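Here is the structure we will look at, set down as structure tokens.
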Amino acid sequence: MATETAGAVVESSSAATVPSPAPEAGSKHKLERKWTFWFDNQSKPKQGAAWGTSLREVYTFDTVEEFWCLYDQVFKPSKLPGNADFHLFKTGIEPKWEDPECAKGGKWTVTSNRKANLDNMWLMMALIGEQFDDAEDICGVVASVRQRQDKLSLWTKTAANEAAQMGIGRKWKEIIDVTDKIIYNFHDDSRTRSSKSRYSV
């Protein structure tokens with residue numbers, strides 16, 4: 001699998017190799033599923049390039065120890081340049097609307113004007129799946145660094161299942177400790193540039 005160094009990921013997303021986390025003594029703590037980090041730097045898009053052409057698969061992990069090593073060394077949103085995104089998705093799901101697992105889904109979104117907040121929320125979401133009753137409906141999470149306002153979005157599979165989405169939204173809000181209202185948008189609406197929010201908690 002093509003991977004990238006921390007510096008390359010944050011600065012230029014040029015292809016290289018992310019070194020494997022250092023081995024630790026004793027047995028490692030396996031996660032229930034594999035997760036994959038992705039990186040997208042849209043700060044310098046090539047003219048005429050389609051969305052997603054700068055998206056890169058960076059690293060796949062399946063132990064608690066790997067996650068902490070990767071997070072501490074590389075994957076903090078505050079280290080990103082403007083207009084860049086970190087994605088953490090279940091392995092096998094690409095962070096694109098076109099992916100079959102995402103096509104009928106949508107996303108819960110929360111915004112923040114403070115960079116430290118994004119790091120804290122991203123950390124809490126990093127091992128997300130097993131904290132939700134509807135864990136199978138979760139695809140992944142995206143941290144988007146922007147000049148005026150950062151965003152964190154939790155992607156799910158079945159947007160039309162209101163009961164599942166409301167349960168996920170309430171749990172997510174509790175986990176990231178947000179008091180302001182958060183909204184859910186269908187990917188289908190986003191494709192047509194509609195800003196309509198379907199659910200809110």
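Observations on the structure shown:
- Considering region 116-189, the qualifying strands (runs of 3 or more DSSP E), each wholly inside and each with 1 or more residues that are farther than 21 Å from residue 75 by Cβ, run over 150-156, 183-186.
- Selection within region 107-120 - at pLDDT 90 or above and crowded, with 20+ Cβ neighbours inside 10 Å: 107, 108, 110
Residue by residue, here is whether (1) touching a residue at least 40 places away in the same chain (Cβ under 8 Å); (2) within 19 Å of residue 116 (Cα to Cα); (3) over 15 Å from the mean Cα position of the chain (by Cα) holds:
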residue: 153; (1), (2), (3): yes, yes, no
residue: 157; (1), (2), (3): yes, no, no
residue: 164; (1), (2), (3): no, no, yes
residue: 174; (1), (2), (3): no, yes, yes
residue: 181; (1), (2), (3): no, no, yes
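- Total residues in region 55-81, condition in contact with a Ser or Thr (Cβ under 6 Å, 6 or more places away or on another chain) and at pLDDT below 85: 1
- Annotation: of all residues in region 121-137 being surrounded by 16 or more Cβ atoms within 10 Å (Cβ to Cβ) and touching an Asp or Glu at 6+ places or on another chain (Cβ under 9 Å), the one that is modelled with the lowest pLDDT is 129.
- Restricting the first member to region 62-74 and to residues that are under 18 Å from residue 32 (Cβ atoms) and part of a helix (DSSP H, G or I), and the second to residues that are modelled with pLDDT under 80 and not polar (S, T, N, Q), the beta-carbon pairs closer than 6 Å and six or more apart or on different chains are 65/24; 66/21.
- Filtered by the rule that a residue be in contact with a helix residue (DSSP H, G or I) (Cβ under 8 Å, 6 or more places away or on another chain), under 16 Å from residue 144 (Cα atoms) and in a strand (DSSP E or B), region 75-94 gives 84, 86, 88.
- Test for residue 59: is it buried (at least 20 other Cβ atoms within 10 Å of the Cβ), farther than 24 Å from residue 165 by Cα and of a type outside the set (A, V, I, L, M, F, W, C): yes
- Sole residue being under 22 Å from residue 138 (Cβ atoms) and at pLDDT below 70, chosen from 52, 48, 26: 52
The values are calculated or read from the model by the stated rules, or taken from the named source; none is laboratory data. What you are looking at is a predicted structure, and each value in this text was computed from that prediction instead of being measured. As a convention, Cβ positions derive from the backbone with ideal geometry for all residues, glycine included, and neighbour counts pool all protein chains shown.
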